[in-house]
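The values are calculated or read from the model by the stated rules, or taken from the named source; none is laboratory data. Computed from a predicted structure; not experimentally measured. Note that each Cβ is placed from the backbone with ideal geometry, even for glycine, and that neighbours are counted across all protein chains shown.
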Amino acid sequence: MDLPSAFYVPDGDGLLATALTIGPWDPRLQHAGPPAALLAREAERASGIPGGQTVRLAYDVLGPVPVGPVQVAARVLRPGRRIELVEATLTAGGRPAMRLTAWRMRSGGASAVSPPRRHPVAPEDAGPTEFGVFSEPVAYHRALEWRLASGSLAEPGPAATWTRPRCALVEGEPMTPLQHLVAMSDAASGISAELDWERVTFANVDLVVALFRPPAGEWLAMDATTTLGPAGVGQCSADLYDADGRIGRSVASLFVEPR
């Protein structure tokens, strides 16, 4: 199967989304993972701390992102030589669709480091798997290679997967581990779904990724659990790993309703 080489291709002063951004709910709308990764890229490009570490990324999904042209912009809200706060916004169809605020810190030597906590299943020991819920043959699920470490993508309940990129974020640029991590992490509620995809929509309105060290390498993992509340609200949380061990955690708030 021929796939686009990237989630986005340059298009004038913006970017054009390819079919690899298509989400599971509507083929006209993007999965939130690719635009989240695009905003992480923009925040780091606007940073005033060269070589710094992004330690928290907090996303607000302001509306659906259509598969089409998008524009991104960033500004430093709180400058500093050691710590800064960067804001990045993605606009589509003339309206803001997603916003990121990212705390970044200057990297330096540490006097004490916690021992790494590795995932119990290494990527080479995880089994190949695929999402079966996308209506389009070429969509977000084709952009990453998925290997199941625990649980099932076909049955409700907690699950863990390793992934590695099959494409670039922006054509002509390698996808960085941080961009890969964010693009993957937004799928945590998909791999750990508690309800039938055919009967229920569970879309996240936000995503927070908190990291105590930067991701590294081609393989990254999320070990995810979704919990449902009594009034159409859910929460998905995931421990995040690279091959060297745990690197942080993500959490997302879910709006749940019948399809």
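One residue is enough: does the range 117-135 have a residue meeting the conditions under 30 Å from G48 (Cβ atoms) and of a type outside the set (D, E, K, R)? I'd like the intermediate steps shown before the answer.
Initially, the range 117-135 is screened for residues under 30 Å from G48 (Cβ atoms), giving none.
Looking through the range 117-135, none of the residues is under 30 Å from G48 (Cβ atoms) and of a type outside the set (D, E, K, R).
Based on this model, can you work out whether G245 counts as farther than 22 Å from E44 by Cβ, at pLDDT below 95 and of a type outside the set (D, E)? Reasoning before the result, please.
Working: farther than 22 Å from E44 by Cβ: yes; at pLDDT below 95: no; of a type outside the set (D, E): yes.
Considered against the rule, which asks whether it is farther than 22 Å from E44 by Cβ, at pLDDT below 95 and of a type outside the set (D, E), G245 comes out as no.
Residue by residue, here is whether (1) touching a Lys or Arg at 6+ places or on another chain (Cβ under 9 Å); (2) of a type outside the set (S, T, Y); (3) without any contact (Cβ under 8 Å) to a residue 12 or more places away in the chain holds:
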{"residue": "G33", "(1), (2), (3)": "no, yes, no"}
{"residue": "A37", "(1), (2), (3)": "no, yes, no"}
{"residue": "G48", "(1), (2), (3)": "yes, yes, no"}
{"residue": "P69", "(1), (2), (3)": "no, yes, no"}
{"residue": "V86", "(1), (2), (3)": "yes, yes, no"}
{"residue": "G94", "(1), (2), (3)": "no, yes, yes"}
Taking the range 18-44 on its own, how many of its residues are surrounded by fewer than 17 Cβ atoms within 10 Å (Cβ to Cβ) and over 19 Å from A6 (Cα atoms)?
1
Among the candidates V55, V65, residue that is touching a Pro at 6+ places or on another chain (Cβ under 7 Å) and either over 24 Å from L144 (Cα atoms) or modelled with pLDDT of 95 or more (or both):
V65
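Counting only residues that are of a type in the set (D, E) and in a loop (DSSP other than H, G, I, E, B), which one in the range 189-209 is farthest from A159 (Cα to Cα)?
Taking the range 189-209 first, the residues of a type in the set (D, E) are 194, 196, 198, 206.
Remaining after also requiring in a loop (DSSP other than H, G, I, E, B): 194, 196, 198.
On the way: E194: 11, D196: 15, E198: 19 Å.
For the range 189-209, the residue satisfying everything is E198.
Going by what's in this entry, would R147 be described as among the basic types (K, R) and either surrounded by 14 or more Cβ atoms within 10 Å (Cβ to Cβ) or not in a loop (DSSP other than H, G, I, E, B) (or both)? Even if it seems obvious, please write down each step before you answer.
Details: among the basic types (K, R): yes; either surrounded by 14 or more Cβ atoms within 10 Å (Cβ to Cβ) or not in a loop (DSSP other than H, G, I, E, B) (or both): yes.
So R147 passes the test.
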If we only count strands (runs of 3 or more DSSP E) wholly inside the range 1-89, which ones have 1 or more residues that are in contact with a helix residue (DSSP H, G or I) (Cβ under 8 Å, 6 or more places away or on another chain) and closer than 27 Å to G248 by Cα?
6-11, 53-61, 69-78
Among the residues of the range 210-255, how many are surrounded by fewer than 18 Cβ atoms within 10 Å (Cβ to Cβ), touching a Gly at 6+ places or on another chain (Cβ under 9 Å) and either part of a strand (DSSP E or B) or free of Cβ contacts under 8 Å to residues at least 60 places away in the same chain (or both)?
6
Is it true that some residue in the range 157-168 is under 23 Å from L20 (Cβ atoms) and surrounded by fewer than 18 Cβ atoms within 10 Å (Cβ to Cβ)?
yes
Taking the range 49-63 and the residues there that are under 30 Å from P24 (Cα atoms) and buried (at least 18 other Cβ atoms within 10 Å of the Cβ), the one that is farthest from the chain's Cα centre (by Cα) would be T54
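Take R104 and decide whether it is part of a strand (DSSP E or B), on the phi < 0 side of the Ramachandran plot and surrounded by fewer than 14 Cβ atoms within 10 Å (Cβ to Cβ). Steps first, please.
Working: part of a strand (DSSP E or B): yes; on the phi < 0 side of the Ramachandran plot: yes; surrounded by fewer than 14 Cβ atoms within 10 Å (Cβ to Cβ): no.
Spelling it out, it is not the case that R104 is part of a strand (DSSP E or B), on the phi < 0 side of the Ramachandran plot and surrounded by fewer than 14 Cβ atoms within 10 Å (Cβ to Cβ).
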Answer yes if at least one residue in the range 31-48 is within 15 Å of the chain's Cα centre (by Cα) and more than 19 Å from A168 (Cα to Cα), and no otherwise.
no
